[in-house]
Amino acid sequence: MNHKIIAEGKLPKSKQSFYVRFLTVDDIPQILELQQIVEQAMEVPAALQTLSYEEYRHILTGNGSMIGIFITNKMIAFRAMLIPNIDEHEHLGIDAGLSKEERLKMIYPEISNVHPDFRGNRLQTYMGELLFTEVDKERFQYVATTVAPFNIPSIKDKIALGMEIIALKKKYNGKLRYILLRDFTREFNTTIKKKIVRMMDYETQKKLLEEGYRGVSIQIDNDTYVHYKKN
């Protein structure tokens, strides 16, 4: 059983002590309990993409990893990484222009939940940083995910983890999605070109992405903008 504690600290708001450890199949009842609490606390419960016992078991039996944050023995947050199946249609390595061999080196950020009583402590991104640190870099080179435009919290979370927008296209039966990628071996050169585009201007963004620009931050003013750069 892997109960390795990987971090300890105090919550910024309440100063309560917590610890973070890897989760196992034995933790699934607590995971499902917390997922239900989070779902019930949402204004639109259906907006949360929940996972089943079988899906969590799949992740925790060699197809990814999960960490949980605990106060004493109570789980207050969890986050997962998934090793995706290699398919010829929806795999994000295809969108990133990777070969079949390179796609084997890709892992996805999966579901994350934070108990409503502990929101505002930046726990989602904190867990993401820990998981990215724990990724076996000899086995995995890429992390990729999709986010819907205007899902601002999720976009900010992914960008804070060093991921960049590399494409904007329809996925999952026609749903428009940003595709974000992080290459652990990528070296950042001096930025030579910058563009700022309104988030709702999808066509301009698609054109910039085709030209090799990458989305690196978002700005919310009177409108919502995406900052793009090209090295």
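The values are calculated or read from the model by the stated rules, or taken from the named source; none is laboratory data. Since this is a predicted model, take the numbers as computed values, not measurements. We place every Cβ from the backbone using ideal geometry, glycine too, and count neighbours over all the protein chains shown. The accessibility values were calculated without ligands, DNA or RNA, using every heavy atom of the protein model including side chains. Shrake-Rupley method; radii C 1.70, N 1.55, O 1.52, S 1.80 Å.
Listed values for the range 11-19 are Karplus-derived 3J(HN,Hα) couplings in whole Hz (6.51 cos²θ - 1.76 cosθ + 1.60, θ = phi - 60°), namely 5, x, 7, 9, 6, 6, 6, 9, 9, and x replaces Gly and Pro. Across the cross-link table entries Lys13/Lys229; Lys137/Lys171; Lys170/Lys193; Lys105/Lys169; Lys156/Lys229, which are compared at the Cα atoms, the separations over 24 Å belong to Lys13/Lys229; Lys137/Lys171; Lys170/Lys193. Put simply, when 194-202, 30-38 are sorted by average Cβ atoms within 10 angstrom per residue, most first, you get 30-38, 194-202. Nonpolar atom fraction for the chain, defined as the carbon and sulfur part of the 1.4 Å probe accessible area, stands at 47 percent. Label-to-label distance, Phe150 versus Asn222, with points set 7 angstrom from Cα along the beta-carbon direction: 1.9 nm. A cut-off of 5 Å between modelled amide H atoms, ignoring neighbours fewer than 5 places along the same chain, links Lys169 with Arg177, Ile179. Looking at the chain, the accessible area is 54 square angstrom per residue; that uses a 1.4 Å probe and ignores ligands, DNA and RNA.
Ranked from largest, the principal axis spans of the Cα set of the range 48-153 equal 44, 33, 26 Å.
With the convex hull drawn over the C-alpha atoms of the range 115-231, the volume per residue is 141 Å³. The relative contact order of the chain, computed from alpha carbon pairs under 8 Å that lie at least 6 residues apart in sequence, is 13 percent. One decimal place: the segment Arg57-Asn231 gains 58.5 nm when fully extended, by the rule 0.36 nm per residue minus the C-alpha distance. Maximal additional length on extending the Asp87-His3 stretch stands at 27.0 nm, based on 0.36 nm per residue less the C-alpha distance.
At q = 0.21, 0.32 Å⁻¹, what log₁₀ I(q)/I(0) does the range 80-130 have when each alpha carbon counts as one equal point scatterer in the Debye sum? Per q value, in the given order, log10 I(q)/I(0) is -0.76, -1.23.
Amide hydrogen proximity for Ser217: with H placed 1.01 Å from N in the peptide plane, the residues at 5 or more positions away or on another chain lying under 5 Å are His227. Over the range 177-231, one equal point on each Cα, no solvent: what is log10 I(q)/I(0) by the Debye formula at q = 0.21, 0.28, 0.30 Å⁻¹? For the range 177-231 at q = 0.21, 0.28, 0.30 Å⁻¹, log10 I(q)/I(0) is -0.82, -1.25, -1.34. Taking θ as phi - 60° and the Karplus parameters 6.51, -1.76 and 1.60, the scalar couplings of the range 194-209 work out to 9, 9, 10, 10, 4, 4, 7, 8, 5, 5, 5, 5, 4, 5, 4, 5 Hz in sequence order, x denoting glycine and proline.
Projected label points at Glu134 and Asp26, each 7 Å from Cα along the beta carbon direction, are separated by 1.6 nanometres. Taking amide H as placed 1.01 Å from N in the peptide plane, Met199 has its amide H under 5 Å from the amide H of Thr224, Tyr225, Val226, each at least 5 places away in sequence or on another chain.
Overall dimensions of the range 114-163, expressed as equivalent-ellipsoid semi-axes from the Cα gyration tensor (√(5λ), whole Å, largest first), are 22, 16, 7. Potential lengthening of the chain between Ile71 and Gln40 amounts to 9.0 nm, from the contour at 0.36 nm per residue minus the alpha-carbon distance.
Relative to the longest principal axis of the chain, what angle (0 to 90°, nearest 10) does the C-alpha long axis of helix 28-41 take? Roughly 60 degrees between the two axes. In the chain, the convex hull through the Cα atoms has an average projected area of 13.9 nm², a quarter of its surface area. Between the listed residues Leu123, Ile166, Ser99, the Cα displaced farthest toward the positive end of the dipole of the chain, a dipole computed from Cβ unit charges relative to the Cα centre, is found at Ile166. What the phi angles of the range 223-231 give under the Karplus curve with 6.51, -1.76 and 1.60, with θ = phi - 60°, is a coupling list of 9, 10, 10, 10, 8, 10, 9, 9, 8 Hz, glycine and proline written as x.
Distance between the modelled labels on Glu33 and Lys13, one decimal in nanometres: 2.1 nm (7 Å Cα→Cβ projection).
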